[in-house]
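The values are calculated or read from the model by the stated rules, or taken from the named source; none is laboratory data. Because the structure is predicted, anything quoted here is derived from the model rather than measured. A quick note on method: Cβ atoms are made from the backbone with ideal geometry, for glycine too, and the neighbour counts reach across all protein chains shown.
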Amino acid sequence: MKKNIIYLIVITAIFIGLTKLITLNTNYKESRSLTIESESPVTALSFFNKKSISASEFMELKALEEAFVVIDVRSPEEHKQSSIKGAILIPLSTLESRLDELDTEAYYVVHCRSGTRSARAQSILEEHGFAFVLNLEGDILAIETR
């Protein structure tokens, strides 16, 4: 009987020890993966995993100095009044007829005055196989203009 109690105590102690060891190991792995994720650099691709981008996110993306194209889908008159440096003008009304000028593998940020036309432009580009298209939210006046 004493032997059985001793075996039971030993087995319980081993079980408790293994449970704690597994918990410690799991916690270490989780904390290490969080550290690894936070150490990974921010790239343009990290922005292009969503549908839209705010003015402040746009400025962060621009600061990365990675290649992406800004497409202004407003009218030529609106573009003359204010525009984002380096943006190419392709009015929404001409976008579908000018798709052959664009590379389907490139990264694009489309913008207009309020976001309605650029959302439509984003849909058109995505329908034609463009995988990396962001809609710039809000007023372009929040962004550095020429």
Task: Scope the stretch 81-95; condition on the phi < 0 side of the Ramachandran plot and loosely packed, with under 13 Cβ neighbours inside 10 Å; matching residues - done: 81, 85, 93, 94
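Specify which of the listed residues (123, 118) is without any contact (Cβ under 8 Å) to a residue 24 or more places away in the chain, out of contact with any Pro (no Cβ under 8 Å at 6 or more places or on another chain), under 16 Å from residue 48 (Cα atoms) and of a type outside the set (Asp, Glu). Before you say what the answer is, go through the steps one by one.
Details: 118 fails: without any contact (Cβ under 8 Å) to a residue 24 or more places away in the chain.
From the options 123, 118, the qualifying one is 123.
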TODO: Return the total of residues in the stretch 89-113 being under 15 Å from residue 134 (Cα atoms) and in a strand (DSSP E or B).
DONE: 5
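Got a number for residues in the stretch 96-133 being acidic (Asp, Glu), under 26 Å from residue 60 (Cβ atoms) and loosely packed, with under 13 Cβ neighbours inside 10 Å?
Number satisfying all stated conditions: 2.
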Task: Residue ID - modelled with the highest pLDDT, chosen from residues in the stretch 122-139 that are assigned to a loop (DSSP other than H, G, I, E, B) and over 13 Å from residue 105 (Cβ atoms) - done: 137
Open item on the list: Name the single residue that is modelled with the highest pLDDT among those in the stretch 34-63 being surrounded by fewer than 10 Cβ atoms within 10 Å (Cβ to Cβ) and not in a helix (DSSP H, G or I).
Closed with: 49
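Being touching a residue at least 60 places away in the same chain (Cβ under 8 Å) and of a type outside the set (A, V, I, L, M) is the filter here, so list the residues in the stretch 73-89 that pass it.
Taking the stretch 73-89 and keeping what is touching a residue at least 60 places away in the same chain (Cβ under 8 Å), we get 82-85.
82, 83, 85 - these are the residues of the stretch 73-89 that are touching a residue at least 60 places away in the same chain (Cβ under 8 Å) and of a type outside the set (A, V, I, L, M).
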